[in-house]
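Down below is the structure, laid out as structure tokens.
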Amino acid sequence: MKIVVKLLLMTLPIVALGVGFVALTISNKPAPVQEELAERAVSVRVIEARFAAIAPQASGFGLIAPARTYEAIAQVTGTILYINPLLRKGDILPEGALLVRLSDSDYKLAAAQARANIRSAEAKLAEIEVSEDNLEAGLAIEEESLTLKELELERLRKLFETGTASQASREGARAAYLAQLQKVQNLRNSLALLPTQRQVQTEQIAVHQATLATAELNIDRTELRLPFAARVDAVEVEIAQLVRNGQTVAKFDGINAAEVEAQIPASDMQTLFRQYEDETSGIALAPSELNKLLAELPISAQIVLKLGLQDIVWPATLDRISNSIDQKTGTMGVILRVDNAYSAAQLGTR
């Protein structure tokens, strides 16, 4: 116990002395300098916002294709006698160019036979006309003879009643009268058949004329010509080949115009067309309604083909709207048309 008291008596003065030194040091230390915080300046670029009219735009992607295509199909059967030297894939042929010529021998024979049949039917028709005249003249003579025999029969009947003529004479006159009546009836029947015979020959002439027209048409069909200027896409025949009716000879792509069916979101098309509609009427997205608006809307369009770092641009027109909206992507087909696609080409540019 004495030892503890002694330690306390020795420690307390030392602690009191340390505390007093610390308090003296703090009281004599100068206050810290306070620095006022300032806002940091930052350089910015300012653009003034102004009201301006902005034309809405819509873009999409699609594949270009010729506006017109043509597939030359044989309408008759025949062996190829001639093929245009320019009928090769990639070559361009003008409108009306002769593509191939088929053998027309069979069709010329058919036309000659039809002409012969027509002449034969016309001859029979002329024969009927002559026969009618002869029969009418013969009928007039036989009718006059019938009248005489009828008078003779009546005279002998009266004489037989008075007893001055025999029964054999009367029966003979009656038989002669009936025979003459039969001749007259035969002539009348022959005349009655003439209109039908004439009609039959007339119809035969019409049939043969149709056969002749078909043969002549087939002769014309042995030559296949191009209905419009086009580039050859494919050739499927060779010289001396037998081509059958309905067989494809060649395929062509028109060069006067090209089309692109671009797939554009329906919402973008609605925004594009909304500026031309009354605010309360709304926009009908039915393709038929949109097609009616196209002719009246001042919409410009262009087709861009990216080749590396170069963009090749064609001026185009908004021709029509496709017939449906893709349910998966929500896009609709917008068909752009480029007229004079080849004549407007520029070497090294487009």
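The values are calculated or read from the model by the stated rules, or taken from the named source; none is laboratory data. Not measured: the values here are computed from a predicted model. Methodologically, a virtual Cβ is constructed for each residue, glycine included, from the backbone with ideal geometry; neighbour enumeration extends over all protein chains shown.
Per-structure values
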{"quantity": "Cβ pairs under 9 Å, 6+ apart, first in region 314-327 and under 17 Å from F273 (Cα atoms) and in contact (Cβ under 8 Å) with a residue 40 or more places away in the chain, second among the hydroxyl-bearing types (S, T, Y) and part of a strand (DSSP E or B)", "calculated": "I325/T331"}
{"quantity": "Residue that is farthest from the chain's Cα centre (by Cα), among those in region 237-260 that are over 25 Å from M332 (Cα atoms) and small (G, A, S)", "calculated": "A240"}
{"quantity": "Failed item, numbered, when L99 is tested on (1) modelled with pLDDT under 80; (2) surrounded by 14 or more Cβ atoms within 10 Å (Cβ to Cβ)", "calculated": "(1)"}
{"quantity": "Residue, farthest from I92 (Cα to Cα), within region 323-350, restricted to residues that are at pLDDT below 80 and assigned to a strand (DSSP E or B)", "calculated": "I325"}
{"quantity": "Selection count where residues are free of Cβ contacts under 8 Å to residues at least 40 places away in the same chain and crowded, with 17+ Cβ neighbours inside 10 Å, scope region 189-243", "calculated": "0"}
{"quantity": "Selection from region 108-153 of residues that are closer than 15 Å to L191 by Cα and surrounded by 14 or more Cβ atoms within 10 Å (Cβ to Cβ)", "calculated": "L125, I128, S131, E132, L135, G138, L139, E142, E143"}
{"quantity": "Neighbours by Cβ (under 6 Å, 6+ apart or cross-chain): first from region 87-111, under 17 Å from T222 (Cα atoms); second hydroxyl-bearing (S, T, Y)", "calculated": "R101/Y82; L102/T222; S103/T79; D104/T222"}
{"quantity": "One residue from A137, A175 being within 30 Å of E203 (Cα to Cα), free of Cβ contacts under 8 Å to residues at least 60 places away in the same chain, of a type in the set (G, A, S) and out of contact with any helix residue (DSSP H, G or I) (no Cβ under 8 Å at 6 or more places or on another chain)", "calculated": "A137"}
{"quantity": "Selection from region 56-78 of residues that are among the aromatic types (F, W, Y) and over 16 Å from L224 (Cα atoms)", "calculated": "F61"}
{"quantity": "Check on L146, out of contact with any His (no Cβ under 9 Å at 6 or more places or on another chain), free of Cβ contacts under 8 Å to residues at least 12 places away in the same chain and more than 30 Å from I73 (Cα to Cα)", "calculated": "no"}
{"quantity": "Test: residue in region 152-162 that is at pLDDT below 85, assigned to a helix (DSSP H, G or I) and either among the polar types (S, T, N, Q) or under 60 Å from the mean Cα position of the chain (by Cα) (or both)", "calculated": "yes"}
{"quantity": "From Q275, Q302, Q270, Q263, residue being modelled with pLDDT of 60 or more, closer than 22 Å to G330 by Cα, loosely packed, with under 14 Cβ neighbours inside 10 Å and not acidic (D, E)", "calculated": "Q275"}
{"quantity": "Cβ-Cβ under 6 Å pairs, at least 6 apart or on other chains, region 51-67 side among the polar types (S, T, N, Q), far side not in a loop (DSSP other than H, G, I, E, B)", "calculated": "none"}
{"quantity": "Residue in region 84-96 that is part of a strand (DSSP E or B), under 30 Å from V338 (Cβ atoms) and not assigned by TED's automatic domain parsing to the domain that holds R170 present", "calculated": "yes"}
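Yes/no per residue for (1) farther than 30 Å from A229 by Cβ; (2) within 43 Å of the chain's Cα centre (by Cα); (3) not acidic (D, E):
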residue	(1), (2), (3)
L98	no, yes, yes
R101	no, yes, yes
A121	yes, no, yes
D133	yes, no, no
E143	yes, no, no
